[in-house]
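Read through the structure below, which is laid out as structure tokens, and then see the notes.
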Amino acid sequence: MAVKELVDGFGKFRERFFEQDPALFSDLVENGQHPKVAIVACADSRVSPSVLLQASPGSLFVIRNVANMVPPPIATAGNATIAGLEYAVLGLGVEHIVVLGHSHCGGIHALIEGPSKTADTFPHVTEWVSAFEPARRQALAELGEAGETDTARCMEKAAIAASLENLRGYPWVSSRLDAGTLRLHGWYFELAAGKLSELDQSDGAFATLVG
């Protein structure tokens, strides 16, 4: 998409939300944002949460990174993902956190490949995904001799479950969970099929929501 197309797109956005419905942003400015849902999503250009979920401005607090990962609560000082989640939970009081993973994820591919194959070309990506090395080892051990595609799909889903488990380790998340004022969700978007599934956190299986 060329830059001109982006500018044209903003023109359409402005027409819809400032000319046809001027009250929406007036309210968001005067009364602030009050999203009920925070989403941790991948930076992948194919999985924009606002587009996938057809969400209106002000309804989602979106945090994006490589492979939609929530790191464990160790050595997270200065981590933008955790800063965003902290603000969403403590500042905005969101009621739901969704970790939105997807198929054909390049970040998960880097995790599967391991640092010996990725560190020279993508040192920062390699360091980022290394936090999920335990999840990688466990998934690969369970898969055994599975093919490349099955391994990727399994690891993409395992990373979602690992992120949810990491979230529970933050006191400001666990206290809200204990109080019943916050819920965690793991969603998986299959690009080719246009299918959305949700993780059953009791048994680790994914069930179709839409598609």
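Observations, loosely collected:
- Failed item, numbered, when residue 193 is tested on (1) of a type in the set (A, V, I, L, M); (2) in contact (Cβ under 8 Å) with a residue 40 or more places away in the chain; (3) touching a Gly at 6+ places or on another chain (Cβ under 8 Å): (2)
- Every pair of residues 6+ apart whose Cβ atoms lie under 7 Å, when the first sits in the range 8-21 and is part of a helix (DSSP H, G or I) while the second is modelled with pLDDT of 90 or more and surrounded by 11 or more Cβ atoms within 10 Å (Cβ to Cβ): 17/24; 17/25; 17/57; 18/25
- Qualifying residue in the range 118-129 (condition: touching a strand residue (DSSP E or B) at 6+ places or on another chain (Cβ under 8 Å) and free of Cβ contacts under 8 Å to residues at least 24 places away in the same chain): no
- Any hit, the range 145-162, residues being more than 19 Å from residue 102 (Cβ to Cβ) and at pLDDT 95 or above: no
- Taking the numbered list (1) in contact (Cβ under 8 Å) with a residue 40 or more places away in the chain; (2) in contact with a helix residue (DSSP H, G or I) (Cβ under 6 Å, 6 or more places away or on another chain); (3) assigned to a loop (DSSP other than H, G, I, E, B) in turn, residue 104 passes all entries but (2).
- Members of the range 122-155 found to be in contact with a helix residue (DSSP H, G or I) (Cβ under 9 Å, 6 or more places away or on another chain) and loosely packed, with under 10 Cβ neighbours inside 10 Å, listed by number: 124, 148
Residue-wise test of (1) outside any loop (DSSP other than H, G, I, E, B); (2) in contact with a Pro (Cβ under 9 Å, 6 or more places away or on another chain); (3) not assigned by TED's automatic domain parsing to the domain that holds residue 47.
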| residue | (1), (2), (3) |
| --- | --- |
| 87 | yes, no, no |
| 97 | yes, no, no |
| 100 | yes, yes, no |
| 109 | yes, no, no |
| 117 | yes, no, no |
| 121 | no, no, no |
| 124 | yes, no, no |
| 127 | yes, yes, no |
| 131 | yes, yes, no |
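- Residue within the range 15-30 that is closer than 24 Å to residue 189 by Cβ and either of a type in the set (Lys, Arg) or over 16 Å from the mean Cα position of the chain (by Cα) (or both) present: no
- Sole residue being touching a residue at least 12 places away in the same chain (Cβ under 8 Å), surrounded by 15 or more Cβ atoms within 10 Å (Cβ to Cβ) and over 16 Å from the mean Cα position of the chain (by Cα), chosen from 110, 88: 110
- Inspection of the range 176-188 finds a residue satisfying the criterion of being touching a residue at least 40 places away in the same chain (Cβ under 8 Å) and among the β-branched types (Val, Ile, Thr).
- Remark: residue 28 falls outside the filter, which requires a residue to be of a type in the set (A, V, I, L, M) and in contact with a Phe, Trp or Tyr (Cβ under 9 Å, 6 or more places away or on another chain).
- Of all residues making up the range 22-56, the number that are surrounded by 17 or more Cβ atoms within 10 Å (Cβ to Cβ) and part of a helix (DSSP H, G or I): 2
- Residue in the range 75-85 that is touching a strand residue (DSSP E or B) at 6+ places or on another chain (Cβ under 7 Å), part of a loop (DSSP other than H, G, I, E, B), at negative phi and at pLDDT 95 or above present: no
The values are calculated or read from the model by the stated rules, or taken from the named source; none is laboratory data. The structure displayed is predicted, hence computed values, not measured ones. A quick note on method: Cβ atoms are made from the backbone with ideal geometry, for glycine too, and the neighbour counts reach across all protein chains shown.
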